[in-house]
């Protein structure tokens with residue numbers, strides 16, 4: 001199997017998982033802010049996880065594009 005394809009298979013689900021986790025953590029931080037509890041650290045962690053997920057998913061898209069280009073040749 002192509003290296004780009006196996007990278008895509010590994011990175012795409014991981015990226016989606018990180019994005020969902022980051023959104024959930026940011027949502028929890030938002031709820032804590034509304035209740036007047038500490039939220040800054042949790043919100044920061046959530047944004048870091050969310051951005052990491054976007055970066056990983058972006059790399060997965062790149063790997064899939066490289067795989068498609070190689071398959072055309």
Handout entry: One residue from 26, 56, 49 being more than 8 Å from the chain's Cα centre (by Cα) and either buried (at least 17 other Cβ atoms within 10 Å of the Cβ) or not in a loop (DSSP other than H, G, I, E, B) (or both)
Key = 26
Problem - Test set (1) surrounded by fewer than 17 Cβ atoms within 10 Å (Cβ to Cβ); (2) at negative phi; (3) modelled with pLDDT of 95 or more - residue 36 fails condition number - result: (2)
Handout entry: Qualifying position, being farther than 30 Å from residue 2 by Cβ and either touching a strand residue (DSSP E or B) at 6+ places or on another chain (Cβ under 6 Å) or touching a residue at least 24 places away in the same chain (Cβ under 8 Å) (or both), among 42, 47
Key = 47
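Mind checking which residues of region 1-22 are over 15 Å from residue 56 (Cα atoms) and in a helix (DSSP H, G or I)?
We begin by selecting, within region 1-22, every residue over 15 Å from residue 56 (Cα atoms); these are 1-3.
Listed by number, the list holds a single entry, 3.
The values are calculated or read from the model by the stated rules, or taken from the named source; none is laboratory data. Remember, it's a predicted structure, so these values are computed and weren't measured experimentally. FYI the Cβ positions are ideal-geometry reconstructions off the backbone, even for glycines, and counts take in every protein chain you see.
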